[in-house]
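The values are calculated or read from the model by the stated rules, or taken from the named source; none is laboratory data. These figures come from a predicted structure and were not determined experimentally. Positions of Cβ are generated from backbone atoms using ideal geometry, with glycine treated the same way; all protein chains shown enter the neighbour counts.
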Amino acid sequence: MDDAIKCPKKEKMIMKNKFSTQEIMALVIMLVPSVYLGIVYGQLPATIPTNFGIHGPDAYGHKSQSWVMVVILTLVSLLVFGILKYLPFIDPKKTAAASPGLLKKMAVIIVIFMSFLQVVLINAMKGNLFSLERLLLPVMSIFFCFLGNLMLNIKPNYFVGFRLPWTLENEENWRKTHRLGGKLWFFAGILSAVLTSLFPFQYSIVIFLIILFIISIIPIFYSYSFFKSHRQ
């Protein structure tokens with residue numbers, strides 16, 4: 001009788017661990033930079049830029065370092081993807097299981113962005129700085145728009161969102177902080193995408209960092225203010 005009860009639960013757990021079409025597509029997209037680098041590797045100069053500052057490349061190395069960059073960023077992308085996919089199973093609060101679809105979307109968006117970033121960097125190593133200077137910051141801004149939209153309904157957990165002492169201890173604080181943060185990130189992302197596409201890269205990076213600082217700090221102050229005003 002006990003086995004009959006446990007089997008359906010076990011089957012349900014196995015079903016949850018299966019990869020969806022979205023997740024399989026994300027894994028394929030994750031490999032795009034490696035395939036792209038393999039195709040254009042022969043076109044790279046012997047010495048490539050390995051670091052980029054406001055005024056362009058500021059460090060150089062052998063072109064074999066391009067593979068180091070791609071491998072590291074791909075592993076980071078895979079790690080984030082894995083954490084988000086299995087978050088419902090490792091979240092101590094067990095609340096992440098309430099929004100698996102949202103976490104799946106977030107994982108796919110992050111994988112797409114990480115792959116785009118790698119392709120942009122590979123092009124910059126080839127000497128094409130256009131995509132780095134004109135596309136990177138607007139696309140990163142749109143990335144924040146998507147994250148802000150998903151943040152509106154994310155449930156309390158220890159891995160994703162504004163993981164502050166006050167949000168983790170109070171579900172209402174978490175909900176309202178993320179409602180504010182989600183809207184703020186969405187509209188600030190649109191503003192940043194417009195501004196960074198209009199100004200030269202040297203000014204755009206400053207604008208982007210200022211906006212990023214503002215949208216990161218405001219939810220923190222709001223969460224603490226909510227905690228203070230509702231403390232008994």
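Total residues in the range 44-69 satisfying the condition of being surrounded by 15 or more Cβ atoms within 10 Å (Cβ to Cβ) and part of a loop (DSSP other than H, G, I, E, B): the figure is 2. Ala124 meets all of the listed conditions (1) at pLDDT 90 or above; (2) not assigned by TED's automatic domain parsing to the domain that holds Ile211 but one, namely (1). Look at the range 129-141: where a residue is in a helix (DSSP H, G or I) and a partner is of a type in the set (A, V, I, L, M, F, W, C), sitting 6+ places away or on another chain with Cβ atoms under 6 Å, you get Ser131/Val120; Leu132/Val120; Leu132/Ala124; Glu133/Phe201; Leu136/Val120; Leu137/Phe208; Pro138/Ala193; Ser141/Ala193.
Regarding Phe226, is this residue out of contact with any His (no Cβ under 7 Å at 6 or more places or on another chain), touching a residue at least 60 places away in the same chain (Cβ under 8 Å), within 18 Å of Leu102 (Cβ to Cβ) and of a type in the set (A, V, I, L, M, F, W, C)? Considered against the rule, which asks whether it is out of contact with any His (no Cβ under 7 Å at 6 or more places or on another chain), touching a residue at least 60 places away in the same chain (Cβ under 8 Å), within 18 Å of Leu102 (Cβ to Cβ) and of a type in the set (A, V, I, L, M, F, W, C), Phe226 comes out as no. Say whether the condition of being among the aromatic types (Phe, Trp, Tyr) and assigned to a helix (DSSP H, G or I) is met by at least one residue in the range 198-207. Yes, the range 198-207 has at least one match. Kindly check whether there is at least one residue in the range 175-184 that is part of a helix (DSSP H, G or I), in contact (Cβ under 8 Å) with a residue 60 or more places away in the chain and farther than 30 Å from Gly53 by Cβ. Within the range 175-184, not a single residue is part of a helix (DSSP H, G or I), in contact (Cβ under 8 Å) with a residue 60 or more places away in the chain and farther than 30 Å from Gly53 by Cβ. Within the range 110-153, being in contact with a Ser or Thr (Cβ under 6 Å, 6 or more places away or on another chain) and either surrounded by fewer than 18 Cβ atoms within 10 Å (Cβ to Cβ) or over 18 Å from Gly82 (Cβ atoms) (or both) holds for Val120, Asn123, Met125, Leu137, Pro138, Ser141. Within the range 150-186, the set of residues being out of contact with any helix residue (DSSP H, G or I) (no Cβ under 8 Å at 6 or more places or on another chain) and either within 23 Å of Ala107 (Cβ to Cβ) or at pLDDT 95 or above (or both) comprises Arg163, Arg175, Arg179.
Restricted to the range 70-95, and to residues there that are assigned to a helix (DSSP H, G or I) and among the β-branched types (Val, Ile, Thr), the residue that is nearest to Ala124 (Cα to Cα) is Val70. Taking the residues in the range 13-39 that are of a type in the set (D, E, K, R) and surrounded by 12 or more Cβ atoms within 10 Å (Cβ to Cβ) as candidates, determine which candidate is modelled with the highest pLDDT. In this case the residue turns out to be Glu23.
The residue that is nearest to Arg134 (Cα to Cα), among those in the range 39-72 that are out of contact with any helix residue (DSSP H, G or I) (no Cβ under 7 Å at 6 or more places or on another chain) and among the polar types (S, T, N, Q), is Asn51.
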